[in-house]
Amino acid sequence: DISATTAAYCFLDLDINNHRSKLATCAAFVDATDSRYGFSSKDLRLLGGSEVSRIPDLIASDHEWGSKLPIECKPPIAGNRLIVKLFWDIAPLACANFATLCANGSSVFGKTAKIKPAPIGESGKPLTYRNSIVHRIVPGFICQGGDFVFGNGSGGESIYNGKKFKDERNGLQLKHDHKGVLSMGNSGKNSNSSQFFLTFDAAPQCDGKHVVFGQLLSGDEILDYIETVGSKDGTPTVPVTITDCGLYHPFETPSSGYWYDQPDADCYSGMSPIFIVKPRVGIIAPSTAAMERFQKALGTTCIMVSSMTPEEQNSDGMIDTIVEWLENFKVDVILVASASKHYIPKDFALPPSWQSYNLDEVVMESKPVASLKKIRAQSWLARKCHWQLEGATNSYS
């Protein structure tokens, strides 16, 4: 059942410029031609940097594969996943509609049960955001999607027997005053259906006209990238597709990463999708220089979402920020430089929602050079045996 308890958060996986299918083509090429071209492995993820750099030229000159260009040899640096927090106490109708359209037809991570198809709506289209497009991207303003009927902003359908539903007063009173506001798209008063938008910046022109019902929790880098493929008239310069969506359950659903379609001869489609997890990391270091050493050590295998130095916050403010990161599930792991460990009180306790884990699995003292190894071997993420961590078996970074 969809409710404030079961659907407090949702995720959207956005594929920009068909990156996923291009990466899948590259993986399939390596799998099929490893002997022909002397690759060290049939698995793209296990190839060395010099091998990966050869692939575009090899495909271009291959009579069988040359027609399948363009390709992508590396995964999206920021991943694909956006996570939003829903304001059920503010706009329950909008939240239930959005959460249901995310959940319909979605897989449950780690489960092998067959996916139940999304129900068909009054329009004759499946009632789900899955495989729909982001049809409008205006830099400095918004990106808008949710029209799974026509895909151009002229359609959409709610879960309420396909009918448009009313504006919720409390949602209208909230402001579009910062980046990442989640709001309903409409064609006028009380005309909400399935369309929604996320703001790139403050958008006061939307105040009082659109129902705010949520907030971006994770995926700022992806939202920034989406903004770069927009235009003044809103027409995306490249396709942006919601390839997957669903309910986000902390500790059960990966918070960040991308889909990798592994070639699989035993699978009907010829590939098995694997979600590669990119841990979201918060860092506490004594200086900007130390912070940069952590960034260099982590490379592209993790996403550094937040950082703090004593130059930015005092000790009390630092603890408050750490608690806020954890309570709102903005990070997966917090790395603390050895020179900054005294900022963490000995009696510091994790928020109640994190009590299944030990403090040293979440807030980890580390030197930059050892940080990646610690995350893979000692963090709570290492307990997730069915989660594939980025870089654990490949050399992308």
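The values are calculated or read from the model by the stated rules, or taken from the named source; none is laboratory data. This one's a predicted model, so the numbers in the text were calculated from it and none came from an experiment. Reconstructed Cβ throughout: ideal geometry from the backbone, glycine too, with neighbour counts over all protein chains shown. Ligands, DNA and RNA are stripped out before the accessible areas are found, and what is left, the full protein with its side chains, is counted by its heavy atoms. Shrake-Rupley method; radii C 1.70, N 1.55, O 1.52, S 1.80 Å.
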**Request:** Could you please give the count of residues in the range 7-21 that are in a loop (DSSP other than H, G, I, E, B) and more than 13 Å from CYS102 (Cα to Cα)?
**Result:** 2
**Asked** When only residues in the range 203-221 that are assigned to a loop (DSSP other than H, G, I, E, B) and surrounded by 20 or more Cβ atoms within 10 Å (Cβ to Cβ) count, which is modelled with the lowest pLDDT?
**Response** GLY219
**Fill in**
Among residues of the range 184-202 being within 23 Å of the chain's Cα centre (by Cα) and in a loop (DSSP other than H, G, I, E, B), the residue nearest to ALA96 (Cα to Cα) is SER194
**Asked** Which residues, counting only those in the range 73-115, are β-branched (Val, Ile, Thr) and at pLDDT below 95?
**Response** ILE77, VAL108, THR112, ILE115
**Options ALA4, ALA24, ALA94: the member that is part of a loop (DSSP other than H, G, I, E, B) and of a type outside the set (Lys, Arg)** = ALA4
**Prompt:** Counting just the residues of the range 73-91 that are more than 25 Å from TYR225 (Cα to Cα) and not aliphatic (A, V, I, L, M), which one comes out surrounded by the most Cβ atoms within 10 Å (Cβ to Cβ)?
**Reply:** PHE87
**Matching residues in the range 174-202 - criterion: being touching a residue at least 60 places away in the same chain (Cβ under 8 Å), among the hydroxyl-bearing types (Ser, Thr, Tyr) and surrounded by fewer than 19 Cβ atoms within 10 Å (Cβ to Cβ)** = none
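The rows are residues; the columns are (1) hydroxyl-bearing (Ser, Thr, Tyr); (2) surrounded by 21 or more Cβ atoms within 10 Å (Cβ to Cβ); (3) within 30 Å of MET184 (Cβ to Cβ).
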| residue | (1), (2), (3) |
| --- | --- |
| SER3 | yes, no, yes |
| ALA27 | no, yes, no |
| ARG45 | no, yes, no |
| ASP57 | no, no, no |
| ALA60 | no, no, no |
| GLY66 | no, no, no |
| LEU93 | no, no, yes |
**Prompt:** Can ASN152 be described as touching a His at 6+ places or on another chain (Cβ under 8 Å), in contact (Cβ under 8 Å) with a residue 12 or more places away in the chain and surrounded by fewer than 19 Cβ atoms within 10 Å (Cβ to Cβ)?
**Reply:** yes
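Determine whether the range 275-288 contains at least one residue that is open to solvent by 10 Å² or more (accessible area, probe 1.4 Å) and either in contact with a Cys (Cβ under 6 Å, 6 or more places away or on another chain) or of a type in the set (A, V, I, L, M) (or both).
Initial filter on the range 275-288 (open to solvent by 10 Å² or more (accessible area, probe 1.4 Å)): 286-288.
Next cut, either in contact with a Cys (Cβ under 6 Å, 6 or more places away or on another chain) or of a type in the set (A, V, I, L, M) (or both) only: none.
Among the residues of the range 275-288, not one is open to solvent by 10 Å² or more (accessible area, probe 1.4 Å) and either in contact with a Cys (Cβ under 6 Å, 6 or more places away or on another chain) or of a type in the set (A, V, I, L, M) (or both), which makes the answer no.
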**Prompt:** Of the residues ASP332, ASP360, which is among the charged types (D, E, K, R), touching a residue at least 12 places away in the same chain (Cβ under 8 Å) and under 24 Å from GLY79 (Cβ atoms)?
**Reply:** ASP332
**Message:** Here is a check on your reading of the model: is ALA118 open to solvent by 10 Å² or more (accessible area, probe 1.4 Å), closer than 16 Å to THR243 by Cα and within 20 Å of the chain's Cα centre (by Cα)?
**Reply:** no
**Message:** I need a count of the residues in the range 36-53 that are within 26 Å of the chain's Cα centre (by Cα) and of a type in the set (Ser, Thr, Tyr).
**Reply:** 0
**Prompt:** Here is a list of conditions, (1) part of a loop (DSSP other than H, G, I, E, B); (2) open to solvent by 70 Å² or more (accessible area, probe 1.4 Å), and ASN170 meets all of them except one; can you say which number that is?
**Reply:** (1)
**Where a residue in the range 133-147 is aromatic (Phe, Trp, Tyr) and in a loop (DSSP other than H, G, I, E, B) and its partner, wherever it lies, is modelled with pLDDT of 95 or more and crowded, with 23+ Cβ neighbours inside 10 Å, with Cβ under 6 Å and at least six apart** = none
**Message:** Can you pull out every residue in the range 296-307 that is open to solvent by 30 Å² or more (accessible area, probe 1.4 Å) and either aliphatic (A, V, I, L, M) or over 15 Å from VAL331 (Cα atoms) (or both)?
**Reply:** LYS296, ALA297, GLY299, THR300, MET304, VAL305
**Asked** Quick one: is GLY246 buried (at least 21 other Cβ atoms within 10 Å of the Cβ) and farther than 20 Å from GLN378 by Cβ?
**Response** yes
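Taking PRO70 as the residue in question, decide whether it is part of a loop (DSSP other than H, G, I, E, B), crowded, with 19+ Cβ neighbours inside 10 Å and under 30 Å from the mean Cα position of the chain (by Cα). It would help to see each step written out before you state the result.
On the way: part of a loop (DSSP other than H, G, I, E, B): yes; crowded, with 19+ Cβ neighbours inside 10 Å: no; under 30 Å from the mean Cα position of the chain (by Cα): yes.
No; evaluated as a whole, the condition is false for this residue.
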**Request:** Inspect the range 257-266 for any residue being open to solvent by less than 30 Å² (accessible area, probe 1.4 Å), acidic (Asp, Glu) and either free of Cβ contacts under 8 Å to residues at least 24 places away in the same chain or in contact with a helix residue (DSSP H, G or I) (Cβ under 7 Å, 6 or more places away or on another chain) (or both) and give the result as yes or no.
**Result:** yes
**Message:** So, in the range 230-248, how many residues would count as being in contact with a strand residue (DSSP E or B) (Cβ under 6 Å, 6 or more places away or on another chain) and more than 21 Å from ALA7 (Cβ to Cβ)?
**Reply:** 5
